[in-house]
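Novice: Just dropping this structure here.
The values are calculated or read from the model by the stated rules, or taken from the named source; none is laboratory data. Remember, it's a predicted structure, so these values are computed and weren't measured experimentally. Neighbour counts run over all protein chains shown; Cβ positions are idealised from the backbone, glycine included.
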Amino acid sequence: MRYSFVTADVFTDQLFGGNPLAVLPDARELTEQRMQQIALEFNLAETAFVLPPRESTCTRRIRIFTPERELPFAGHPTIGTAVVLAAIGKIPLTGSVTSMVFEEGIGAVPVRVYADAGQVRGAQLSLAAAPQFGPPPPEPHELATMLGLEMADLGQAGMVPAAVSCGVPYLLVPLASTEALGRARLDLQRWQNVLAGSWAPQLYPFTRTGDDHGRAFQARMFAPGLGVPEDPATGSAAAALAAYLGSRTRSGSGTHRWTISQGGEMGRPGRLLAEVDLRGGEPREIRVGGDVVLVSEGRIRVG
């Protein structure tokens, strides 16, 4: 049997930038084992499989696999799948904004697809669930050594490492400069010894760039436990960062926005837009979005 697929670059408006994604727009009849095998065959950070929804309030159900395991949620597959389905006509456009809801492992995820003159250009997802803040992180010297950095490379004003999840847990590590971020090299043995079995084994070092009145950040993401040595653009991590930044803002209510650059060190520069709505100092809704470029289409033979 043969299944159609589309690949796309997510969180970029340029070919071969951002985070590549494979989408199977109709994955009916595929077993979980086959999905995992196909994800390993594509060997991208994630592959998305589209299925009919089980809940009547949802537009589609999607299952997301890394080369090693299934995820309950991921940002770039959610954004990319929405754009792919709209671009190939599986979900008709309703104007400049088309709304859909994906049934994922964490529940229903609303997505808005944006189009200009009938041409799809990007999407934005929303997370209404309250973020989770995990246990205390390892000691700073352990984090610095794990990243191949000096103690002086850690830290940003008013920021400390923290474990945060908006569906996938990350250990957020603020760094002192973009230069330090560029020098970071994950020591796999130290990661295995210190972080692999922790609540948040995915490592997300970031720094403020000084652009856009302090609302621009640069980040990297290492997830060897998911079969992803480094990820070029990570939507679920951007959501966690938005929750983290929102929890530290002095303004107790309103909407706050940030831009996050990622992937430059890998030769795949990407740009993510993150927003958080605060009420009484607590994150009420988090949104992550960006552009998407379709790259290829074809069929994969299964069995």
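Novice: Is it true that some residue in region 279-289 is in contact with a Lys or Arg (Cβ under 7 Å, 6 or more places away or on another chain) and in a strand (DSSP E or B)?
Specialist: no
Novice: Specify which of the listed residues (Q36, Q119) is within 30 Å of G267 (Cβ to Cβ), touching a residue at least 24 places away in the same chain (Cβ under 8 Å) and not assigned by TED's automatic domain parsing to the domain that holds P232.
Specialist: Going through Q36, Q119 in turn, the sole match is Q36.
Novice: With the requirement that a residue be in a loop (DSSP other than H, G, I, E, B) and under 8 Å from the mean Cα position of the chain (by Cα), what does region 232-246 give you?
Specialist: A233, T234
Novice: Starting from residues that are among the basic types (K, R) and outside any strand (DSSP E or B), keep the ones in region 247-257 and report whichever is surrounded by the most Cβ atoms within 10 Å (Cβ to Cβ).
Specialist: It comes out as R248.
Novice: Could you check region 1-20 and list, in sequence order, the residues that are in a loop (DSSP other than H, G, I, E, B), in contact with a Lys or Arg (Cβ under 8 Å, 6 or more places away or on another chain) and either surrounded by fewer than 24 Cβ atoms within 10 Å (Cβ to Cβ) or not assigned by TED's automatic domain parsing to the domain that holds T81 (or both)?
Specialist: M1, D13, F16, G17
Novice: Can you pull out the residues in region 21-60 that are among the hydrophobic types (A, V, I, L, M, F, W, C), in a loop (DSSP other than H, G, I, E, B) and touching a Leu at 6+ places or on another chain (Cβ under 9 Å)?
Specialist: Across region 21-60, the qualifying residues are A27, L30, L44, A45.
Novice: So, one more: Among the residues that make up region 110-119, is at least one of them aromatic (F, W, Y) and touching a Leu at 6+ places or on another chain (Cβ under 9 Å)? Full working, then the answer.
Specialist: Start the filter on region 110-119 by keeping residues that are aromatic (F, W, Y), which leaves 114.
From the residues that got through so far, the ones that are touching a Leu at 6+ places or on another chain (Cβ under 9 Å) too are none.
Taking every residue of region 110-119 in turn, none turns out to be aromatic (F, W, Y) and touching a Leu at 6+ places or on another chain (Cβ under 9 Å).
Novice: Another question about this same structure. Looking at T94, is it in contact with a strand residue (DSSP E or B) (Cβ under 7 Å, 6 or more places away or on another chain) and hydroxyl-bearing (S, T, Y)? Steps first, answer last, please.
Specialist: Values: in contact with a strand residue (DSSP E or B) (Cβ under 7 Å, 6 or more places away or on another chain): no; hydroxyl-bearing (S, T, Y): yes.
In short, no.
Novice: Related question: Quick one: V295 ticks every box in (1) closer than 13 Å to G18 by Cβ; (2) at pLDDT below 95 except a single one, so which number is it?
Specialist: (2) is the only condition that V295 fails.
Novice: Looking at F73, F42, which is the one that is under 20 Å from G107 (Cβ atoms) and among the aromatic types (F, W, Y)?
Specialist: F73
Novice: Where residues in region 258-303 are more than 24 Å from L15 (Cα to Cα) and without any contact (Cβ under 8 Å) to a residue 40 or more places away in the chain, which of them is surrounded by the most Cβ atoms within 10 Å (Cβ to Cβ)?
Specialist: Restricting to residues being more than 24 Å from L15 (Cα to Cα) and without any contact (Cβ under 8 Å) to a residue 40 or more places away in the chain, the top hit is V276.
Novice: Okay, moving on. Condition test on I88, is it modelled with pLDDT of 95 or more and either of a type outside the set (S, T, Y) or within 24 Å of G225 (Cβ to Cβ) (or both)?
Specialist: Against the criterion (modelled with pLDDT of 95 or more and either of a type outside the set (S, T, Y) or within 24 Å of G225 (Cβ to Cβ) (or both)), I88 qualifies.
Novice: Would you pick out the residues in region 120-142 that are modelled with pLDDT under 95 and farther than 27 Å from L195 by Cβ?
Specialist: Matches in region 120-142: A128 only.
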